[in-house]
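Single-structure report; data block below.
Here, each number is a calculation from the coordinates, and none is a lab measurement. The structure displayed is predicted, hence computed values, not measured ones. Neighbour counts run over all protein chains shown; Cβ positions are idealised from the backbone, glycine included.
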Amino acid sequence: MTVSARDLAVVARFNGRLFWRDRTALSTSVALFLLLGTGMPLLMDRLGAGSQELLVNMHLGMLTTVLVISTFQQTTVTLCVRRDQLLLKRLRATGLSDRDILGGEIANLVLQSTALTVLVSVALYGLTSLPVPRDPLLYLFAVVAGALVLCLLGAAFTVAVPRSELAAPMAMPFFLLAGLGAGGFGPIMQVLPGWVGTVLGLLPTDAIVDMARTAYAARGSLGGDLRAAAVPTLKLAVWAAIGALVIVRRFRWESRKS
């Protein structure tokens with residue numbers, strides 16, 4: 001089964017219109033992304049609570065944390081709602097392929113999350129002492145690739161959600177663990193046992209932070225950046241493969257009640 005670029009774009013635009021009309025999605029995804037993504041680093045910079053390196057770490061940790069909300073959690077909630085409303089079933093009846101339907105939803109959320117990331121980053125560059133990344137292409141790759149993988153995992157996670165009302169609460173533990181491992185809740189990892197950091201380091205959010213931190217490093221070269229990004233990229237690829245496998249084999253297009 002192939003993916004049609006035209007059908008994919010049509011579904012992505014359709015889901016984009018639904019997204020911007022959904023007040024719940026706007027408040028939990030867009031508003032939280034903008035407020036937390038800019039608020040915490042801005043507050044830290046205004047208080048002068050740390051060095052520039054600490055500001056970068058806070059920015060990347062908080063950015064990755066809110067990225068989980070706008071990708072993993074939003075994908076889980078949206079697909080569960082669409083499934084319970086039988087909208088996914090109706091879309092399949094139109095002749096669209098399964099890959100186009102899911103791909104359109106994921107593409108929409110990846111684009112939304114990337115745009116929000118750019119907006120937050122530009123705002124912080126202008127309002128704080130946060131430096132511009134030395135390698136902006138690597139930074140953009142980390143965001144887009146990370147958002148894509150998190151959306152795939154969000155789609156895969158719907159398999160475990162029995163109904164849409166439970167989607168957000170069931171996705172919350174992953175958000176908390178991912179935010180903790182990424183450093184979005186501050187340097188809490190320093191007071192936890194070492195094995196906790198090792199386990200959380202396996203999450204895809206750790207790969208996003210690693211690549212973004214390389215992009216922000218004061219010194220580096222193209223070859224060095226590529227070598228530093230190799231392991232995080234491989235980690236993201238493994239998680240993407242796991243998510244895709246679960247979707248192909250277990251994804252439910254209808255609610256259990258139907």
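Let's see if you can work this out: charge +1 on each Lys and Arg Cβ, -1 on each Asp and Glu Cβ, no other charges. What is the dipole magnitude of the range 163-241 about its Cα centre, in debye to the nearest 20? Working shown, then result.
Numbers: 5 positive and 4 negative charges, 27 e Å.
That gives a dipole near 120 debye.
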Going by how many other beta carbons lie within 10 Å of each one, how would you line up 89, 235, fewest first?
89, 235
Please list 3J(HN,Hα) in residue order for the range 74-82, calculated via the Karplus relation 6.51 cos²θ - 1.76 cosθ + 1.60 where θ = phi - 60°; whole Hz, with x for glycine and proline.
5, 5, 4, 5, 4, 5, 5, 5, 4
Convex hull of the range 110-165 built on C-alpha atoms - directionally averaged projected area, nm²
5.2
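Full-extension gain between residue 115 and residue 226, please, as 0.36 nm times their residue separation minus the C-alpha to C-alpha distance.
Details: separation 111, 0.36 × 111 = 39.96 nm, distance 2.43 nm.
Full extension from residue 115 to residue 226 adds 37.5 nm.
Against the empirical 2.2 N^0.38 Å scaling, what ratio does the C-alpha Rg of the range 32-117 come to?
Values: Rg = 17.8 Å, N = 86, 2.2 N^0.38 = 12.0 Å.
Dividing the Cα radius of gyration by 2.2 N^0.38 Å gives 1.49.
At 222 nm, what value in deg cm²/dmol follows for the chain if DSSP H runs of at least 4 each add -39500 (n - 2.57) and the sum is divided by all its residues, to the nearest 500? The partial results should precede the final answer.
Working: 11 runs with 185 residues, N = 258.
Only helices count here, giving -24000 deg cm²/dmol.
Sorted from fewest to most neighbouring beta carbons within 10 Å, what does the list 80, 151 look like? Before the final figure, lay out the partial values.
Values: 80 26, 151 29.
Listing 80, 151 from fewest to most nearby Cβ atoms yields 80, 151.
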So what's the gap between the Cα centers of the range 205-258 and the range 122-184, to the nearest angstrom?
11
Test item: Cα-centred dipole of the range 5-250, Lys/Arg +1 and Asp/Glu -1 on Cβ, debye
660
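Report the full-extension gain for the segment residue 31 to residue 191: residue separation times 0.36 nm, less the Cα-Cα distance, to one decimal in nm.
On the way: separation 160, 0.36 × 160 = 57.60 nm, distance 3.10 nm.
Taking 0.36 nm per residue and subtracting the Cα distance, the gain is 54.5 nm.
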Dipole of the chain, positive direction: furthest Cα of 121, 55, 31, with charges on the beta-carbon
31
Quick check: pseudo-label points 7 Å beyond the Cα along Cα→Cβ at residue 199 and residue 89, how many nm apart are they?
3.9
If one takes the longest principal axis of the Cα atoms in the chain, at what angle in degrees, from 0 to 90 and to the nearest 10, does the Cα axis of helix 136-157 lie?
40
Just to check I understand the Karplus step: with θ = phi - 60° and J = 6.51 cos²θ - 1.76 cosθ + 1.60, what whole-Hz values come out for the range 15-26, glycine and proline as x?
5, x, 5, 5, 4, 6, 9, 8, 5, 5, 5, 5
Modelling each spin label as a point 7 Å along the Cα-to-Cβ direction, I'd like the residue 21/residue 141 distance in nm, to one decimal.
3.9
Once phi for every residue in the range 27-37 is put through the Karplus expression 6.51 cos²θ - 1.76 cosθ + 1.60 (θ = phi - 60°), the whole-Hz ³J(HN,Hα) values, with Gly and Pro written as x, are 7, 8, 9, 6, 4, 5, 4, 5, 5, 6, x
